[in-house]
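Encoded as structure tokens, the structure appears first; notes follow it.
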Amino acid sequence: MTVLNEVQQHYGNLKLYINGEWVESKSTQIYESVNPATGEVIATFPSATDDEVNLAIESAHAAMKTWGAVPVRDKVKYLFDLRQKFVEKADWLARVLVQDHGRTIGEARGTVSRCIENIESACSALLLLTKGEYVNDLARGLDQTLFWEPRGAFLIITPNNIPMHAWSSYVPYAIASGCPVIVSPSKDDPIAAQAIFEVTQEVAGFPPGLVNLVYGGRNINDKILSHPHVKGVGFIGSTGVGRQLFARAGELGKEASINGNGKNHVVLMDDVDMKAAVNGLLRGCFGMAGQRCLGVDNLLVMDGIYDELKQALVTAAAAMKMGYGLDDSTELGPLVSQTGRQKVLDFIDKGIQEGAKLILDGRNVQVKGCEGGFFVGPTIFENVDPDMFIARQESFGPIANLIRVSDLDEALDLINNKDDYGHSACLFTQSGKMARKFTKEADVGNVGINVPVPQPYAFFPLGSKNESAQGTAKTRIDSMRLFLDQKTVTARWV
């Protein structure tokens, strides 16, 4: 067991980052940032004033011209410099993320790796996806050219569950496309945002105003999106908030990439490798304390293995070590906020009221040394009817619902007709025939075969469907479609 040092016990009053400088806000509206594992305040931060928001927007707008004049080869070099900075600061970023968000150090290191992959992917996208097309002599003496051009400044809103990963799912691609950004992070983990901007600031080739950071929440976001210089928004968060934002973007005539909730399923066939499946489910159901859009809520288990799977999962989940994520032996950290913890507790109460049977109760866990933390232990329900609230809504906590099914067709029927989100679904099996059927017939955007979390690499989009996503483009490499617009030139010379 190794317990890593905190980066800082207290980060002070956080600043805004505008036009290439750290700005001490003049706001009188101050929030507190809390370490989820201890409940202790570790920073304060301001809600940006109207003047500060306008300065961020104007700085981003001005940076369009400056960054647009930088040759493509130099832009790629600067992006690779950003990648190298992340590599050099990987351990530091991971420890900040543990302190600010609550995840384990292993999960935090994985997040930083995903950020690096997104920056690498953005470098490739800059070289390959910004190229135009040309047709010579389309008609007699007529040539036609297609150019890809940056749309303009964008608002990027990052959620409390993946503050760094969400940043990397948009911002490197915006930079690669030529679009400056104003980033508005969740108020639950602002220190993670500050850490990323401290790293980004070290890239000498980025002009002032290319990346800007403000705090404040929904009112600030609407002010930014409403400004004529801002051409659209990239958002990861809840479907409810995302729909409101999507409607607002439509009203304003802005581009939008909206990524919301999921109610994800794992199907376990009779021929599963039980040990591998249970180990995977610990990560899929309880990893990041259940606060991941690709996490698993519903386990659709074949009758023939139901009892064995139930016993193995309950035993393994009950043995998970809970604690502060800077202890590298910790397997399960806290929820990111007290509000989030209470929502999970309410969700468990709802399941009990609906008649589901609680076979592993994580509500009253005691974590030595972290008595003030926002912990909920692994929680497992059985006797869950597919029409129950807990079977259809995302828990966003370390909760698994066991649901008996008789065959793959019944499982697919539940996934396709009881899940409004269509985010992801996974199948554990040794049968290629079953895997092929599942891949073709599951009406979801992300499919996993013998993996509990079907996380696409950065150069693939996150394929959310139905109510999980709205807008022009999805995240990661697909966000290039959000930031780039088309221009055609038709020329006759003969």
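Quick look at the numbers
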item: Phi-based couplings in Hz for the stretch 313-330 (Karplus 6.51, -1.76, 1.60; Gly and Pro marked x); result: 6, 4, 4, 5, 5, 5, 8, 5, 7, 9, x, 6, x, 6, 7, 6, 8, 5
item: The stretch 230-355: relative contact order in percent, alpha carbon pairs under 8 Å with at least 6 residues between; result: 18 percent
item: Karplus-derived 3J(HN,Hα), 6.51/-1.76/1.60, for each residue of the stretch 117-131, Hz, glycine and proline x; result: 4, 5, 5, 4, 5, 5, 4, 5, 5, 4, 7, 9, 9, 9, 5
item: ILE348, ILE449 arranged by Cβ crowding within 10 Å, fewest neighbours leading; result: ILE449, ILE348
item: Amide H contacts under 5 Å for VAL267, placed H, 5+ residues apart; result: LEU300, CYS426, LEU427, PHE428
item: For the stretch 42-81, with +1 on Lys and Arg beta carbons and -1 on Asp and Glu, the positive-most of VAL76, ALA60, ILE42 along the dipole; result: VAL76
item: Interchain or long-range residues, amide H under 5 Å from PHE375's placed H; result: LEU335
item: Option label - semi-axes √(5λ) of the Cα gyration tensor in Å computed here, alternatives (i) 39, 29, 19; (ii) 42, 30, 19; (iii) 36, 24, 23; result: (i)
item: Cβ charges +1 (Lys, Arg) and -1 (Asp, Glu), total dipole of the stretch 408-494, debye; result: 580 debye
item: Fraction of antiparallel bridges per DSSP, the chain only, in percent to nearest 5; result: 40 percent
item: C-alpha long axis of helix 408-418 to longest principal axis of the chain, angle in °; result: 60 degrees
item: Percent RCO, i.e. relative contact order, over the chain, from Cα pairs under 8 Å lying at least 6 residues apart; result: 20 percent
item: Amide H partners (placed H, <5 Å) of ILE42, local residues excluded; result: SER33, VAL34, ASN35
item: Cβ charges +1 (Lys, Arg) and -1 (Asp, Glu), total dipole of the chain, debye; result: 1140 debye
item: Normalised contact order of the stretch 119-161, rounded percent, pairs of Cα under 8 Å and 6 or more residues apart; result: 27 percent
item: Residues CYS123, CYS115 arranged by fewest to most Cβ contacts within 10 Å; result: CYS123, CYS115
item: Note, ³J(HN,Hα) from phi for the stretch 57-69, Karplus 6.51, -1.76, 1.60, rounded to Hz, x at Gly and Pro; result: 5, 5, 5, 5, 4, 5, 5, 3, 5, 5, 5, x, 7
item: Residue order, fewest to most beta carbons within 10 Å, for SER168, SER479, SER226; result: SER226, SER168, SER479
item: Per DSSP, loop GluC sites (Glu not before Pro) in the stretch 289-390 with at most 12 further Cβ within 10 Å; result: GLU371
item: Dipole axis of the stretch 265-457 (+1 Lys, Arg; -1 Asp, Glu on Cβ), positive-most option in ALA411, VAL267, GLY377; result: GLY377
item: Lysine pairs in the stretch 1-140 with Cα atoms under 20 Å, if 8 or more residues apart or on separate chains; result: 9
item: Candidate aspartates and glutamates for bridging to LYS474, where Cα separation is under 15 Å - those fewer than 8 sequence places away on the same chain excluded; result: GLU255
item: Antiparallel DSSP beta bridges within the stretch 265-457, as percent of all bridges there, nearest 5; result: 10 percent
item: Pairs of lysines in the stretch 265-457 (C-alpha under 27 Å apart; 8 or more residues apart or interchain); result: 25
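Bear in mind that the values in this text are calculations on the coordinates, not laboratory data. If you're wondering where the values come from, they're calculated on a predicted model, not measured in any experiment. Glycine gets a Cβ as well: all are built from the backbone with ideal geometry, and neighbour counts include every protein chain shown.
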